[in-house]
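Nothing in this text is a laboratory measurement; each read-out follows from the coordinates by a stated rule. Everything numeric in this text was worked out from a predicted model, so none of it was measured. We place every Cβ from the backbone using ideal geometry, glycine too, and count neighbours over all the protein chains shown.
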Amino acid sequence: MDSHLRECSALQPPLDWPTRMHIALGVARGISYLHEDCSLQIIHRDIKPSNILLDENFEPLIGDFGMAKLVNHEDWKQQIQESKSARAPHQMAALDRSEKLYSTNHIGGTFAYLPPEYLMHGYFSAKNDVFAFGVVLLELISGSRIDFGQPLDRKRFRDFTGVKDIGEHNKLGCLIDPHLRGDYDEKEAEKLVKLALLCVQESPTKRPTMSEAVQILKGSSLNDRWESEKAEMLLTFPLGESLLDSEELSGRTLADSASHLDPEVLSGPR
């Protein structure tokens with residue numbers, strides 16, 4: 001995906017809008033499978049365009065599981081039992097499985113796609129991947145790379161709060177990849193921007209689950225949720241060098257050991 005967004009040529013023309021929507025849905029489905037349908041929950045922790053592979057039909061495949069963490073099936077099943085009285089049955093499995101926080105002193109991944117709770121405090125959950133997916137959506141929409149410490153393209157929009165303002169004032173044109181030459185669906189673009197902003201909220205509990213993201217991309221409305229949350233929405237833009245020098249990161253190792261993922265685990269129950 002990364003090369004298709006950055007290296008346009010006569011032999012590799014820019015991705016058209018329907019293809020971008022197809023990729024967005026495919027990536028969301030893939031991450032949702034890892035989070036909610038595998039026998040062991042898999043938190044990828046390095047979702048980014050260069051780890052999203054595209055086949056000849058532009059079907060996205062999530063690759064590079066070197067930073068992934070496996071979560072014990074029994075851990076989240078026990079948590080579901082403990083919260084039965086607090087939540088409706090249809091909410092339990094997906095939400096409990098995605099919101100449970102784990103802690104580490106070994107920080108790994110790519111900075112622009114790391115959520116604040118992980119980079120600052122070492123807390124990670126499935127909502128790490130949701131945050132990264134939101135950043136990927138903005139790259140898919142804009143065609144702009146998110147470089148280390150640089151929130152998208154500073155010449156076009158400064159940070160996620162700026163993106164929210166642009167979306168609110170219906171000025172999506174300045175967010176859209178110029179290679180598209182205006183050939184895109186405005187309603188779909190608006191939905192993608194809003195979904196991306198929901199995914200990059202500062203609070204992990206405010207971010208949607210990936211199964212919710214799939215339903216939104218398949219056509220479910222997010223207007224009610226957007227209207228109820230936009231006023232209090234706290235957005236976190238990619239974190240740069242000033243944060244890395246802060247005392248809050250002292251003692252943390254900016255690397256992590258790879259988890260070996262058996263193909264049987266990835267394929268799930270037969």
Completion exercise
Most exposed to least, judged by fewest other Cβ atoms within 10 Å, Arg181, Arg29 sort to Arg181, Arg29
Exercise for the section: Go through Lys48/Lys206; Lys48/Lys171; Lys69/Lys127; Lys187/Lys218; Lys191/Lys230 and tell me which ones have a Cα-Cα distance over 23 Å in this structure. Expected result: Lys48/Lys171
Exercise for the section: Compute the FRET efficiency between Ser50 and Thr205 as 1/(1 + (r/R0)^6), taking r as their Cβ-Cβ distance and R0 = 35 Å, and round to the nearest 0.05. Expected result: 0.75
Practice task
Please give the length that would be gained between His179 and Glu227 if that part of the chain were fully extended, namely 0.36 nm times their separation in residues minus their C-alpha to C-alpha distance (nm, one decimal).
Solution key: 14.2 nm
